[in-house]
1. Helix-derived [θ] at 222 nm for chain A: sum -39500 (n - 2.57) over DSSP H runs of at least 4, divide by residue count, nearest 500?
2. Compute the projected area of the convex hull of the Cα atoms of chain B, averaged over all viewing directions, and report it in nm² to one decimal place.
3. For the protein assembly as shown, which cysteines have no second Cys with its Cβ under 4.7 Å from theirs?
4. If a paramagnetic tag sat 7 Å from the Cα of A:ARG243 along the Cα-Cβ line, which residues of the range A:184-218 would have the backbone N under 20 Å from that point?
5. Have a look at B:ASN252, A:LEU366, B:ILE415 and report the one farthest towards the positive end of the charge dipole of the protein assembly as shown, computed about the Cα centre with Cβ charges (Lys/Arg +1, Asp/Glu -1).
6. Among residues other than A:HIS119 whose Cβ falls under 12 Å from its Cβ, what is the net charge (Lys/Arg +1, Asp/Glu -1)?
7. Please report, to two decimal places, log10 I(q)/I(0) for the range B:53-145 at q = 0.14, 0.22 Å⁻¹ as given by the Debye formula with identical point scatterers on the Cα atoms and no solvent.
8. Which number comes out as Rg/Rh for the protein assembly as shown once both Rg and the Kirkwood Rh are worked out on C-alpha atoms?
There are 2 protein chains.
Amino acid sequence: MHGFFTIISRAEFEALLRGFAPLDAETVDLAESAGRVLAHDLIAPHDWPLLARSCMDGFAVNARDVFGAGESNPGYLECVAALSIDKLPDIVLNPGECARIATGGVLPEGADAVVMVEHTQAMQDEIVGGTIEIRKSAAPFDNVMQRGEDARKDATALPAGTVLRPQEIGLAAALGFEEISLVRRPRVGILSTGDELIEVGATPRPGQVRDVNTHTVAALVEQAGGLPVPYGIIKDDLESLGRALATAIAENDAVLLSGGSSIGVRDLTVQAIEAMEDAKILAHGVAISPGKPTILGRVGKKPVLGLPGQVTSALVVVHVLVLPLLRHLQGDPAAFSPTCRCLRKAQLARNVASKPGREDYVRIRLEERPGQPPLAHPVLGKSGLLRTIVQAHGLATIPADSEGLYADALVDIWIV
Amino acid sequence: MHGFFTIISRAEFEALLRGFAPLDAETVDLAESAGRVLAHDLIAPHDWPLLARSCMDGFAVNARDVFGAGESNPGYLECVAALSIDKLPDIVLNPGECARIATGGVLPEGADAVVMVEHTQAMQDEIVGGTIEIRKSAAPFDNVMQRGEDARKDATALPAGTVLRPQEIGLAAALGFEEISLVRRPRVGILSTGDELIEVGATPRPGQVRDVNTHTVAALVEQAGGLPVPYGIIKDDLESLGRALATAIAENDAVLLSGGSSIGVRDLTVQAIEAMEDAKILAHGVAISPGKPTILGRVGKKPVLGLPGQVTSALVVVHVLVLPLLRHLQGDPAAFSPTCRCLRKAQLARNVASKPGREDYVRIRLEERPGQPPLAHPVLGKSGLLRTIVQAHGLATIPADSEGLYADALVDIWIV
């Protein structure tokens, strides 16, 4: 059956990938949570801020006292205190009074706004006890963060499915979460098959090649937040492959078979998957180029993917299909959204032809031009050469219904 | 001196940051090298590929034998062997002969091209010994990777300064590098100053706030490839700060002072830096908003940065100034290039005003629209609120010479 599959579209393949359930939750130290996904709603244990606080260095005032103040019509208030940043104010502002306050300081009773220090002038050397000239009016709550403006007690501060960026980690810290419940990172078993393969440390005899795919695929898995678990080189026979596959499936959340490139290996991969308990081949071929011979299987509830043997093709398949799967297993609701891709607009330097009926991913080298979008050069050369992906900054996508792209067209280059 | 600095432009600040030398080299396992930067040229120890190999599954031929072949004018060759993927071919192709070959297989003597299996038809059940119909012509080297096409012995395969993506890791693996010489990752000491600060695990009394900045800044440092080393909360006095700073400088390649927000802390930071041996304040204020009160010092050969106290401002300063510094310390030649930023074009939903003379970074929430660039909504709310950066997908940059951006304008949103 080699070479002839029932090809499905990328969208159909993605629908199959979405069928795998996200992983379960685990408790993780907040310091280890960057880029990961909240398993449950994060409920605020208290209001945040706890009290009204100043956003600026300046003077706490009652807005009524500075109504109409301006450069040509300043107001004058008596400064009754310089408030300490770490203590509750022990004063009450009376009409005509103000208090020195720092960014983050708690507003005293009687104050409802802050005038920035830049819009004030102390009339005496000593600030406390002296008169402050106020050159700008303030409305109530100007430069003041109100109680609960960031989070309300018992309300959802961050919903399940939130990807934790540094700012979300900051909010979780503000609310006192030292640990946090996240969807597990998928452990991804990586098997390289191929009788011609040798370890990276070995010296190839003519005809042998080093195991490039394990390293490339592992780096990609890590990039998507997965935990790569390499199983090394597996011999091209059903027994070796079956044994290694059974182990990898038992020990991981997903398995990538990669590296073998001989014709028989694809059939072998299918046979090995089908020989597992509760296994099914879900797809055998996808209408993308490179990447057509990709295999998707299910063993129990776990995905098993057979990647094309050439590393240049495997890289595209991992970017297009596997990285979204790994984000999906981590609970990222945007896993399959193209908005997750980092794209740059560039101008094609030459025509690029494409066969309709499949989505083409063309390697592109960008040439920066001042004041203009970069020029996008398709990288020429045999598809299997590593050089062609090393020289590329990204990929241009040619939709399945297109016969190609024209020179000078502005296209989105997916930076990879 | 609080509140009044000599403000320099972002470009001037960057020029000062470039003055710090990249770190020294270290030897790293190839599996740990993703995203890092080559310290020295990677010299190929041998040609790669070692021999001419097929890029496709098909038949190895001599191009002369299939000259002019086509669908309506097929050629016929005798298949003399099915070549093994892991062995050198032990045959020589004579005129009129071909051999079955797999992707990656070594070409036998007498062959100079490969015809893809899709363009052939076996005339008998047994392939070896049978006749193969060839339906497409081939030029010499068609579907063949030639010896040394990826890398030539003793030539530079990857130059110093290359950022290692999965594909570069693949090339290094192909050439047999189990270990690789990379520029060190900077260890970055993080000090939070502020008498109002408490640990994330503690319960705030009114007036106290948890140490948000350490966690946020540490996550950002890691994002840039640095190794964050948190020193916890430091009291707002010169002795405590000086002692902590001396330790952090001794133990790290760079130090970030962060978290304190009271007015006096900025002066304290300057004094503490100046009190170190061989120290100099290089900048005190930069024309970006938020981020104006940023301090840059040099102690020995190490950079020390004082970040604004509000986490929302600190986040912008780290993105705009610190992450490029950390990439620069790691030897990334593109560290300060805006091409490193992931940008999305979006259409502004409303006018955004800006003060000329400073570069403004406006928080933007994107609203996706099918078939159109997303709508960019400036996030409203007090600048100090964490909510404003949690709700934002990115930042719009308003240049220093602009008074603002107009609604409907297409702008680049920097995804952060």
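None of the figures in this text is laboratory data; all of them are computed from the coordinates on show. Everything quoted here is computed from the prediction, not taken from an experiment. Positions of Cβ are backbone-derived with ideal geometry, glycine not excepted, and every protein chain shown enters the neighbour counts.
1. After summing the helix terms and dividing by residue count, I get -5000 deg cm²/dmol.
2. 28.4 nm²
3. Cysteines of the protein assembly as shown left without a disulfide-compatible partner: A:CYS55, A:CYS79, A:CYS98, A:CYS340, B:CYS55, B:CYS79, B:CYS98, B:CYS340.
4. Only A:189-199 fall inside the zone, counting backbone N under 20 Å.
5. Farthest towards the positive end: A:LEU366.
6. Numbers: positive: A:ARG135, A:LYS136; negative: A:ASP57, A:GLU71, A:GLU118, A:GLU133, A:ASP142.
That sum, taken over residues with Cβ under 12 Å, equals -3.
7. The Debye formula, applied to the Cα set alone, gives -0.39, -1.01.
8. Values: Rg = 31.1 Å, Rh = 29.7 Å.
Using only Cα positions, Rg/Rh for the protein assembly as shown is 1.05.
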